[in-house]
Amino acid sequence: MNSTLAMVLRVLLIVTSFIIVPLSLWFATGFIGEYGDDAPMFIAPGYLIPVVLWAVGFIIHFFKKYFHVGLLMMGGPLLFYIVFFTMAAFY
């Protein structure tokens, strides 16, 4: 792998982490003032699954044999949020 491709992949890793983690935490904890003070920390913990999937893909992509699988696993949550917001915009 040449150095340009490696740099692009590292930038992709950073960008996806800055998108996936905050959005997942925001969705999992509920929106602003949605449930009050007596609500649990994570209202919808299912939205933390993209963070777990991204983290597993991050670890897997360091193994040369499973490099492409790791990249697909890191891109999956990003695709989920792109589709999610696109569907929300057109409804």
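Determine whether Y35 is among the hydroxyl-bearing types (S, T, Y) and without any contact (Cβ under 8 Å) to a residue 40 or more places away in the chain.
Details: among the hydroxyl-bearing types (S, T, Y): yes; without any contact (Cβ under 8 Å) to a residue 40 or more places away in the chain: yes.
Here the answer is yes, as Y35 does meet what is asked.
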Output the residues belonging to region 3-50 that are more than 20 Å from L72 (Cα to Cα) and among the polar types (S, T, N, Q). S3, T29
Among the residues of region 1-44, how many are at pLDDT 80 or above and either in a loop (DSSP other than H, G, I, E, B) or surrounded by 13 or more Cβ atoms within 10 Å (Cβ to Cβ) (or both)? 16
Looking at region 78-91, I want the residues that are charged (D, E, K, R) and have a partner that is surrounded by 10 or more Cβ atoms within 10 Å (Cβ to Cβ) with Cβ atoms under 6 Å, at least 6 apart or on another chain. Which pairs are those? none
Long-range neighbours under 6 Å by Cβ, at least six apart or interchain, first residue in a helix (DSSP H, G or I) and modelled with pLDDT of 90 or more within region 55-74, second among the acidic types (D, E) and crowded, with 16+ Cβ neighbours inside 10 Å: none
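The values are calculated or read from the model by the stated rules, or taken from the named source; none is laboratory data. All values derive from a computational prediction rather than experimental measurement. For neighbour counting, all protein chains shown are included, and Cβ atoms are generated from backbone atoms with ideal geometry for every residue, glycine included.
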